[in-house]
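Chemist: Have a look at this one.
Read the figures in this text as sums done on the coordinates, not as results from a lab. Every value quoted in this text rests on a predicted model; they were computed, and no experiment measured them. All Cβ positions, glycine included, derive from the backbone under ideal geometry; neighbour counts span all protein chains shown.
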Amino acid sequence: MNLSQLIKAGQDRLKNKNVALCLLGPSGSGKSRACGTFGVKTLYLHTSGEGHGPASAASGGSEILPICLDRDGDTVLSADEAYKRLLDILNSGAELKKLGVGAIALDGATEIEAMIQNTTTWKTRLATEYKSIKSYAGDLTLSMFRPILVGLQKLQDEIGIHYVMTCILNVKEVGDDNEILEAAPALYGYNVATGLIQQFPDILVIGQVSNGERTKPAIQLGSHVSRVSKDQASKEVRKLSNFFCRVTGADLSEAPDLMKPDLGRVARIKAAEHYVE
């Protein structure tokens, strides 16, 4: 074992200032458009359930390279084929580098969870390991999300990309200007929200806000996202998980509560390690 080499690898990872973001927001909040605001060539991965996404992302100003994961022309792919296609793409670092890809957007977690739950592997393991009780199988779903996250992290290490995964929020409470005060991720599996979102260094919430005359999307640093976990047998509340907005390594104490949904600025904030105008 070469400890010096291991330590150097760890120190090199500390120097990583690229965005690795989970972007949470209700349907229609501007998540897809925000994915196109990095200002670099962006590979946009989506399912047919998010078919509006590429056009919305392109309106953000970046060059968008869209790939639909579950369709090949007019042919609808099985969940197994779509899942394999996603992993194959995330293992294509040399080709993505050649294409000049600077960011990857995966839209979104709710659709990917549904894809995973329709794969043969998931269904087989559900029957054999979880007695076919779908609500118990959060750990199973997470185990199949993990290769996706590892693939994104590996690409970031290899070719220096930003990446973002979107996730739908179910909003519970809004303020006077329609800002999100409390919401929960729209993920089905037991503990999936907790286990998935906490693996992203950067977490932000986006939603539509109003000044009384105009409504527009904004990154909302003061939003409160939570997920209640219940004991599988008693159904009593076992854990309340809270997700606070963060850009890892950056001091956001001087940042406003509402920010323009510009992921290029988020990248600059992370690089500077503090809020920048």
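Chemist: I need C167, C35 ordered by Cβ neighbour count within 10 Å, fewest first.
Modeler: Ranking C167, C35 by Cβ neighbours within 10 Å, fewest first, gives C167, C35.
Chemist: So which residue, out of L99, L258, L65, gets the largest mean-square fluctuation from a GNM of the chain using Cα contacts under 10 Å as springs?
Modeler: L99
Chemist: Taking the Cα centre of the range 32-190 as origin, sum charge times position over the Cβ atoms of Lys and Arg (+1) and Asp and Glu (-1), and report the length of that vector in debye to the nearest 20.
Modeler: Around 520 debye, computed over the range 32-190.
Chemist: May I pose another question? Just rank S32, S92, S62, fewest to most, by other beta-carbon atoms within 10 angstrom.
Modeler: S92, S62, S32
Chemist: Count the DSSP beta bridges whose two residues both fall in the chain, then state the antiparallel fraction as a percent rounded to the nearest 5.
Modeler: Restricted to the chain, the bridges split so that about 45 percent are antiparallel.
Chemist: Report the full-extension gain for the segment Q198 to D257: residue separation times 0.36 nm, less the Cα-Cα distance, to one decimal in nm.
Modeler: 19.1 nm
Chemist: Let me ask you something else. Quick one: net charge of C35's neighbours, Cβ under 12 Å, K/R +1, D/E -1?
Modeler: Counting the neighbours of C35, the net charge comes to -1.
Chemist: Kirkwood Rh, the range 33-138, all Cα pairs: how many Å?
Modeler: 14.9 Å
Chemist: Which one, (1) 43, 21, 16; (2) 27, 25, 21; (3) 28, 25, 16, gives semi-axes √(5λ) of the Cα gyration tensor in Å as derived from the coordinates shown?
Modeler: The value computed from this structure is option (2).
Chemist: Which of these, K98, K260, K134, has the largest mean-square fluctuation under a Gaussian network model of the chain (Cα springs below 10 Å)?
Modeler: Checking each option, the largest mean-square fluctuation is seen for K98.
Chemist: Most mobile of G160, G51, G138 per a Gaussian network model of the chain (Cα springs, under 10 Å)?
Modeler: Comparing G160, G51, G138 in the GNM, the peak value goes to G51.
Chemist: Continuing with the same structure: Report, in debye and to the nearest 20, how large the dipole of the chain comes out about its Cα centre when Lys and Arg carry +1 and Asp and Glu carry -1 on their Cβ.
Modeler: In debye, rounded to 20, the chain gives about 600.
Chemist: Can you work out the FRET efficiency for the pair L181 and S48, with r the C-beta to C-beta distance and R0 = 41 Å, to the nearest 0.05?
Modeler: In this case the efficiency is close to 0.80.
Chemist: Under a point spin-label approximation (7 Å from Cα along Cα-to-Cβ), what is the K154-K172 distance to one decimal in nm?
Modeler: Reported label-point gap for K154 and K172 is 3.7 nm.
Chemist: In addition: With a ≥ b ≥ c taken as the square roots of the eigenvalues of the C-alpha gyration tensor of the range 1-88, please select rounded if a/c is under 1.5 and otherwise prolate if a/b is larger than b/c or oblate if it is not?
Modeler: The shape class here is oblate.
Chemist: Can you compute the helix-only [θ] at 222 nm over the chain? Use -39500 (n - 2.57) per DSSP H run of at least 4 residues, normalise by all residues, nearest 500 deg cm²/dmol.
Modeler: -10500 deg cm²/dmol
Chemist: Considering only A186, H162, I148, whose Cα is most displaced toward the positive end of the charge dipole of the chain, charges sitting on Cβ of Lys, Arg (+1) and Asp, Glu (-1)?
Modeler: So the residue furthest toward the plus end is I148.
Chemist: So, one more: From the residues L99, G207, Y136, which one has its Cα farthest along the dipole of the chain in the positive direction, the dipole being from +1 and -1 charges on Cβ of Lys/Arg and Asp/Glu about the Cα centre?
Modeler: Ranked along the dipole, the leading option is Y136.
Chemist: Out of all DSSP beta bridges with both ends in the range 29-184, state the antiparallel percent to the nearest 5.
Modeler: Antiparallel: roughly 30 percent of the beta bridges in the range 29-184.
Chemist: Here's another thing I want to ask about it. Sort S253, S143 by Cβ crowding within 10 Å, fewest neighbours at the top.
Modeler: By the 10 Å Cβ count, ascending: S253, S143.
Chemist: Taking the Cβ of T166 as the centre, find all other residues whose Cβ is under 15 Å away and add up their charges (Lys, Arg: +1; Asp, Glu: -1).
Modeler: Here the charged neighbours net out to -3.
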